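The next block holds one structure in the form of structure tokens; read it before the comments.
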Amino acid sequence: MKNKKNPLCPICNKKSFYKLRGVGKIIRCSNCGFGRLNLCPPLDDVEAMYNAKAYFGDKNGDEYYLDALKRYKFISRKIPSGAKILDFGCGMGQFIGLCRKGGYRIKGYDISKYVVNKVNSKYGFVAKSGKLSKRMYKQGSFDVITSFDVIEHVWDFEKAIDCFNYWLKPGGYLYLSTPNIDSWDAKLFSSRWHGYTKLKEHLVYFSPKTINILLKRNGFYQVSVKQWGFVRSIGFAVKKMFGKKRSKLFFINDLVSQIKLDKLCLYFPMHNMLIIAQKTK
């Protein structure tokens, strides 16, 4: 997907992009609803960001473990123990650890060499990094591929979906989560939506309609989409909303900490969607 002044939408192939009001760096297709950054940052800069220790500095706490646990419980109710799973975008490996305890044969991939080294140090050689290519794994290697909050970070997302199809066994399942550009909170908060605050990270934005089109044309069927969310501490949520010192409500940030509610973790049913798709048999 190249940067152009008047680009074709990679989902519906129409020249119908417009700039989102209040979020000038993001354009959206008026025909199908797909969203993307107007200009992709240099890919070398993107890779350097994910290889920096600072990027993952706050991603190893209790809330991220509980988030992984919620995902694991959902997957384990549907996939029998012993299945071979690839966690694409494995991060710090919380989901990998849970799957190993549950008897799954799991591998991981992440663009970040930093986190892959961390995961392999903890669990043995289970994860790899490197440039995305079908050759990373043999055709039909996995029963299931999971990819949580990753596809929105991938500029060449169609290549990633094509790889997923290649790596999955016939009839295998893909579990994919990503921000929903048509979620209730995206509509409510408009330009202030949390999904639009990560412009250096989030490169593309899907809706149930556009992710369905993408998956079905890349060899998946029985695509279902459900409301999803994330586990975060109250302190995290309050800091995001009121943490800037210039905010008139900055005192709420201090108050939550003083009454010791900042570490309490809650599930927020917003922002994301979970997509379940099966590879054509």
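What follows is calculated from the coordinates using simple rules that are stated; it is not laboratory data. Owing to the predicted nature of the structure, the values given are computational and were not obtained by experimental measurement. Quick reminder, even Gly has a Cβ in these numbers, built from the backbone with ideal geometry, and neighbours come from all protein chains shown.
Among Thr178, Thr197, rank each residue by its count of other Cβ atoms within 10 Å, from fewest to most, as a rough exposure measure. Write down the numbers at each step before the final one.
Values: Thr178 27, Thr197 13.
The fewest-first ordering by Cβ neighbours comes to Thr197, Thr178.
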From the Cα gyration tensor of region 101-154, with a ≥ b ≥ c the square roots of its eigenvalues, which class applies: rounded if a/c is under 1.5, or else prolate if a/b is larger than b/c, or else oblate?
rounded
Expressed in angstrom and ordered largest first, the alpha-carbon extents of the chain along the principal axes are 55, 47, 34
Determine the sum of side-chain charges near Lys107: Lys and Arg each +1, Asp and Glu each -1, restricted to other residues whose C-beta is under 12 angstrom from that of Lys107.
+2
Which net charge results for the neighbourhood of Gln222, defined as the other residues with beta-carbon distances under 11 angstrom from its beta-carbon, given Lys and Arg at +1 and Asp and Glu at -1?
+3
Divide by every residue of the chain the summed helix terms, -39500 (n - 2.57) for each DSSP H run of at least 4, and state the resulting mean residue ellipticity at 222 nm, rounded to the nearest 500 deg cm²/dmol.
-9000 deg cm²/dmol
List the cysteines in the chain whose Cβ has no other cysteine Cβ under 4.7 Å from it.
Cys40, Cys90, Cys99, Cys163, Cys265
